[in-house]
Amino acid sequence: MKSDFHNDSGTGYIRPMRENDASRVAEILIFAKRVAYRPIFRNDYVSFQEMNVLDLALSYRKNSKLREDVFVYDDGIVRGMISVDRAFAPGEWHLRELYVDPFFQHKNIGTLLMREFLSRASASGSRQVSLWVLEANQAARSFYESFGWRPSGQRRPEPGTDQFLLMYRRAVL
């Protein structure tokens with residue numbers, strides 16, 4: 001994921017996160033997570049007190065390691081992001097996060113981010129990719145399944161909640 005990726009329409013590209021993207025990436029993460037998880041967890045304290053844009057943005061600015069392997073979709077506005085773990089397991093890349101700003105969802109941005117992840121994993125020689133997804137997050141599960149991801153059978157509790165995460169995997173072609 002070293003070079004920029006230009007989508008088919010030429011209107012946007014996927015590039016490594018920069019320090020000056022910190023506020024925007026933090027905003028995308030916090031708001032997308034609130035929209036996706038608040039109906040599942042029903043914990044306003046976490047959603048609106050513990051999770052906050054400023055603290056996350058400052059973490060990204062202060063710690064360059066947090067920005068490593070984070071990539072953004074940029075068409076003049078950063079609208080989505082992915083975070084990758086290339087060393088998850090031998091021959092396996094792991095998708096840590098894929099989020100699109102709620103205002104820009106259902107506009108093909110998530111698809112472009114996913115295709116870029118899969119393309120780069122393949123180009124690196126990875127044979128398999130993986131991710132954890134919240135079992136109750138049916139929208140995310142449907143999105144991943146549309147790309148050929150399937151539950152691996154691994155399931156673990158989400159710490160501090162009554163919810164579970166499922167491991168999804170797929171072969172890289």
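The values are calculated or read from the model by the stated rules, or taken from the named source; none is laboratory data. The structure displayed is predicted, hence computed values, not measured ones. Reconstructed Cβ throughout: ideal geometry from the backbone, glycine too, with neighbour counts over all protein chains shown. Quick note on the areas: whole protein, heavy atoms, side chains included, nothing else; ligands and nucleic acids left out. Shrake-Rupley method; radii C 1.70, N 1.55, O 1.52, S 1.80 Å.
Structure summary
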quantity: Charge dipole (the chain, unit charges on Cβ, about Cα centre) - positive-most of H106, N137, A89; calculated: A89
quantity: Inter-centroid distance (Cα atoms) of segment 97-148 relative to segment 17-34, Å; calculated: 17 Å
quantity: Cα lying deepest toward the dipole's positive end in the chain, options S64, A32, L173, charges on Cβ; calculated: L173
quantity: Cα-centred dipole magnitude for the chain, charges only on beta-carbon of K, R (+1) and D, E (-1), debye, nearest 20; calculated: 340 debye
quantity: Where the chain is the region considered: accessible area per residue in Å², 1.4 Å probe; calculated: 54 Å²
quantity: Segment 19-147, relative contact order in percent, only Cα pairs under 8 angstrom and at least six apart counted; calculated: 23 percent
quantity: Within a Gaussian network of the chain (alpha carbon springs, distance under 10 Å), most fluctuating of R18, R86, R156; calculated: R156
quantity: Sparse-neighbourhood loop sites, chymotrypsin sites (Phe, Trp or Tyr not before Pro) in segment 31-92 - DSSP loop, at most 14 other Cβ within 10 angstrom; calculated: none
quantity: Carbon + sulfur, % of accessible area of the chain - ligands and nucleic acids excluded, 1.4 Å; calculated: 51 percent
quantity: For Q163, distant residues with modelled amide H under 5 Å away; calculated: E158
